[in-house]
Amino acid sequence: MTSPRFGLPKSPHGAYAWLLLSAVALLALNLRAGATSIGPLLAEIQAGLHLSDSGAGILTALPGFVFAATGLFAVAVSTRFGLHRALGLIMSAVFIGLAARPFVPLPLFFAFTILCLAGMAMGNVLAPVFVKLHFPNRIGAMMTLYTTCLAIGATIPTAVSQPLANLLPGGWRSALAFWAIFALCAMAVLLAVIVRRDPRGVRIKARGSSLIGAVARSPKARWISLFFGLQSMNAYVQFGWAAQIYRDAGLDPVTAGWMLTIIAGMGIPGGLIAPVLATRLTDLRPLVLSLSALLAVGYLGLYFLPTSAPWLWALALGISGFCFPLTITLISIRSRHVDVTAGLSAFAQSIGYLAAGFGPLIIGVLVDVTGGWQVPLIVLTCGAVGLAIAGINASAPGDVDDDLGAIAAPR
């Protein structure tokens with residue numbers, strides 16, 4: 001039997017279903033660790049590789065820009081090799097980059113970092129396509145699994161990288177390489193999926209450039225991309241600057257670090273809750289407005305009373321981050337055909353991560369120019385209005401396929 005909405009076989013059952021479920025979970029766990037494991041070890045990396053402060057700034061900005069630049073190639077890779085083999089190659093790149101970069105000289109450290117980030121970027125794009133192909137009538141549940149594992153994979157390295165450096169022989173180098181173990185596990189599971197020769201591991205039929213170009217002309221796709229971009233910008237601004245805002249307001253470094261942990265940690269319940277709401281609510285506008293309002297509340301709290309109830313503002317900002325799993329789910333539920341899902345995922349995430357790269361830099365410039373956090377926080381608060389407008393239009397009924405004409409027709 002097939003799923004009437006997507007023209008694909010219904011979700012699999014039995015051992016193969018568990019294999020595919022494991023593939024989704026392991027893919028998600030590997031799509032952030034290569035980036036978030038850097039921050040806790042940055043001082044040791046600088047000392048070990050004689051990396052300047054400017055070089056460290058470039059290193060921390062790499063994830064957003066590499067995600068934006070290389071995510072666009074994911075569709076072309078899937079077109080060439082098929083979805084399953086493409087994901088296997090992508091995880092191989094992540095594994096090689098993670099395993100090799102701590103043990104090479106500085107130029108190659110950057111090269112292997114870019115390699116693993118490029119693999120992660122293409123995995124970001126193709127994972128929602130994998131979910132749609134294999135679980136077309138369980139998208140809510142599978143996107144819950146995916147976004148929750150994504151949040152876990154982003155959060156755990158920030159907490160355990162420094163203890164691993166103290167525990168493992170080789171210090172920071174072994175701690176960085178440790179995350180390659182999970183990429184190796186993902187490769188093994190994907191190899192088992194490839195061996196099954198499932199016809200759903202097909203090549204995406206539209207050429208990557210033409211597909212993404214067509215999607216870019218869709219008003220719905222533009223709204224989804226804008227929503228993804230604004231939430232990504234806010235997330236990376238918070239990850240990069242929230243702890244410093246608290247410290248400049250008077251909190252000690254440990255407490256400021258805990259506030260950032262609250263913000264980042266809310267991604268885990270967000271991954272559990274937001275996809276389910278996205279697939280079950282008939283009207284997503286109240287959810288979008290609520291999350292946008294919480295974003296504004298968090299920034300205004302940091303502006304007026306940063307040390308009076310610091311955990312409250314961190315909690316507000318963290319819950320507003322539910323926008324991320326919401327936008328990832330919208331990519332699947334606001335497109336019908338898997339080709340369109342792939343193009344929309346590439347387009348939206350490239351725009352989003354470009355904003356994620358520039359956002360922290362722009363806020364840093366504003367701090368330097370104005371000499372404090374008042375103006376940046378006002379700008380960020382006003383940005384919550386833009387997030388609400390983009391989210392309302394992105395989540396409104398209607399699919400990207402409706403804007404595309406012939407390309408949306410199943411082949």
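The values are calculated or read from the model by the stated rules, or taken from the named source; none is laboratory data. Treat the numbers as computed from the prediction; the structure is a model and nothing was measured. All Cβ positions, glycine included, derive from the backbone under ideal geometry; neighbour counts span all protein chains shown.
Of note:
- Being surrounded by fewer than 20 Cβ atoms within 10 Å (Cβ to Cβ), within 19 Å of the chain's Cα centre (by Cα) and assigned to a helix (DSSP H, G or I) is a property that does not hold for Ile96.
- Any hit, region 57-76, residues being in a helix (DSSP H, G or I), without any contact (Cβ under 8 Å) to a residue 24 or more places away in the chain and either closer than 21 Å to Gln349 by Cβ or not β-branched (Val, Ile, Thr) (or both): yes
- Options Leu31, Leu20: the member that is assigned by TED's automatic domain parsing to the domain that holds Arg196 and outside any helix (DSSP H, G or I): Leu31
- Considering residues of region 255-278 that are aliphatic (A, V, I, L, M) and closer than 9 Å to Ala151 by Cα only, the residue surrounded by the fewest Cβ atoms within 10 Å (Cβ to Cβ): Ile268
- Listing of helices (runs of 4 or more DSSP H) fully contained in region 132-242 that carry 3 or more residues being at pLDDT below 90: 139-167, 208-216
- Trp179 meets each of the listed conditions (1) surrounded by fewer than 23 Cβ atoms within 10 Å (Cβ to Cβ); (2) out of contact with any Lys or Arg (no Cβ under 8 Å at 6 or more places or on another chain) apart from (1).
- Condition broken by Trp313, with the remaining ones in (1) out of contact with any Leu (no Cβ under 8 Å at 6 or more places or on another chain); (2) surrounded by 24 or more Cβ atoms within 10 Å (Cβ to Cβ); (3) within 30 Å of Ile378 (Cβ to Cβ) satisfied: (1)
- Identity of the residue in region 243-257, free of Cβ contacts under 8 Å to residues at least 12 places away in the same chain and part of a helix (DSSP H, G or I), that ends up nearest to Val379 (Cα to Cα): Arg247
- Filter result (buried (at least 22 other Cβ atoms within 10 Å of the Cβ) and charged (D, E, K, R)) within region 19-70: Arg32
- Residue match in region 302-312 (condition: of a type in the set (Gly, Ala, Ser), in the same structural domain as Lys220 (by TED's automatic domain parsing) and in contact (Cβ under 8 Å) with a residue 60 or more places away in the chain): no
- Highlighted here are the helices (runs of 4 or more DSSP H) found entirely within region 324-407 that include at least 1 residues which are of a type in the set (Phe, Trp, Tyr) and farther than 19 Å from Leu287 by Cβ: 338-370.
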